Amino acid sequence: MKIAVIGGGISGLSTVFYLNKLIPDAKVFLFEKDDYLGGKIKTDKVEDYLFESGSNGFLSNKPLTFDFINEVGGDDLILKSNDSARIRYIFHKNRLHRLPDNPKDFLKTNLLSFSGKLRVLSEYFRKTKKDDSDENLQSFGYRRVGKEFTDIFLDAMSAGIFASTPKALSVQAGFPKVVELEKEYGGLFRGMLAKKKSDTGPSGVLTSFKGGMSSFINLLESKLKMELFKDTEVNKVNKSLNGGYSVEFETEKLTKKFSLEFDKVIFSTPSNTTARLIRKIDRDIAYDLASIEYTPMSIVSFGYDEPYFDLNGFGLLTTTASRQDILGVLWDSSIFNDRANEKNRSLRVMIGGVRNRDLALKSREELIEIARRGIQNTMDINEIPDKAFVKQWREAIPNYAIGHTEKVNKIFTKLKKHKGLYLNSNAYYGVGFNDCIENSRKCIKNILIN
Ligand SMILES: Cc1cc2nc3c(=O)[nH]c(=O)nc-3n(C[C@H](O)[C@H](O)[C@H](O)COP(=O)(O)OP(=O)(O)OC[C@H]3O[C@@H](n4cnc5c(N)ncnc54)[C@H](O)[C@@H]3O)c2cc1C
């Protein structure tokens, strides 16, 4: 059996991994547009610094991810974040506040007023939603924990995970566990108490790889059994007369277009690209895929060759109400030991997202200026960085808007009529590194049973 996987991000790569493992006889071809594998995972070494342009790690709460790393042979690369990375900050009302991480600190924090705290605690007694319709995170938050908590905590969290806002995010698609708690237990506190652990949010410890995220991608590349076409953009996928599919592609180096025949095709591309590729086969599915929006975001990494300041913690997120041009700052050299030399400091600033789409698309010089101003405002750091590295993602993260899950379920149902076509990327059921791996496994298991 010949299978084409289109897109060499972590979704495509883990798809190839599970194909190798679960369907060992399949001959797998991977097509990647860029000259590197990893997609939104990319580490760049700039002298003594390791700068991550995209994902900087994954949460350690999914055993499947560790099984995957182990089977790839990457155990020795695993790098746990420093304990100090549990210290997080929110920039709100013109100053940094330490994020409370236990009930006692929550009661003491001055991020919330007394009545705001009471409103959160009253969640226990709130009535549950009567119907199953989706709602945005803002309306869910206002209902359950109150406006104040939502506009500060959930707002900052949406920016940190999805580069989005509570208003733009579907609670069902973005935080399905939270919806489950309300449905099954009648509320978040009730659910957490019943489960005796707070597994509603993104718990777990941030974990990465020695040498940066790309070091694992490089290992994965070396272990996968596949015909690899890098620098190769797929332009079209068509149905063939024999019941299979033809994949049309062109490479940077060769101007000629090529076409190869496959029994099955797995799209691990962003959904709007998939829409373009699949259009000839099913316009209706293509239309739905194209309606999943992507959010632009730029990352500005700074390196400081002298310890001008101390960094102790994970970093900070800003709230919409704080009216900053930056979404947050990750204190890279404080999170992972090998991102900079001991005396050096490195951090990266996130700009854009749903809050400030236009800012993400500014020029390199403007982005550096925005980032410098952002850390001046939030951290009072005025030193000029010795290194600056900018990565602009025009389509950084898919935004899971209201109705996302229903739309995606519909797309997957409609796709069943095209035997041999599969979708698997971060556009559908989760954007995290862990989600991508889990969904790849599900995708291949689905091939096995169909
Ligand atoms: C700035 C940033 C920070 C993040 N931080 C974290 C984090 O800390 N933790 C976490 O868990 N997640 C994080 N994420 C999310 C996570 O990194 C992504 O959701 C995940 O890497 C996406 O993987 P993917 O393979 O689904 O998509 P992508 O990585 O986008 O891969 C798609 C691939 O398809 C290729 N492609 C596109 N069109 C074609 C074509 N026509 N032909 C061939 N190939 C094509 C692309 O070049 C790309 O390589 C972050 C994302 C961003 C942008």
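The values are calculated or read from the model by the stated rules, or taken from the named source; none is laboratory data. The structure displayed is predicted, hence computed values, not measured ones. We place every Cβ from the backbone using ideal geometry, glycine too, and count neighbours over all the protein chains shown.
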THR15 vs. criteria hydroxyl-bearing (Ser, Thr, Tyr), buried (at least 21 other Cβ atoms within 10 Å of the Cβ) and closer than 30 Å to PHE153 by Cβ: no
Residue count, segment 53-84 (criterion: within 19 Å of the chain's Cα centre (by Cα), more than 14 Å from LEU219 (Cβ to Cβ) and outside any loop (DSSP other than H, G, I, E, B)): 7
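Residue-wise test of (1) without any contact (Cβ under 8 Å) to a residue 12 or more places away in the chain; (2) in contact with a strand residue (DSSP E or B) (Cβ under 7 Å, 6 or more places away or on another chain); (3) more than 14 Å from the ligand (Cβ to nearest atom).
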residue	(1), (2), (3)
ILE326	no, yes, no
ARG372	no, no, yes
THR378	no, yes, yes
TRP393	no, yes, no
ALA396	no, yes, no
GLY403	no, yes, yes
LYS407	no, no, yes
TYR422	no, yes, no
From VAL28, VAL46, residue being over 27 Å from SER81 (Cβ atoms) and either at pLDDT 95 or above or within 15 Å of the ligand (Cβ to nearest atom) (or both): VAL28
Matching option when the condition is in contact (Cβ under 8 Å) with a residue 60 or more places away in the chain, of a type in the set (A, V, I, L, M) and in a helix (DSSP H, G or I), among LEU30, LEU50, LEU19: LEU19
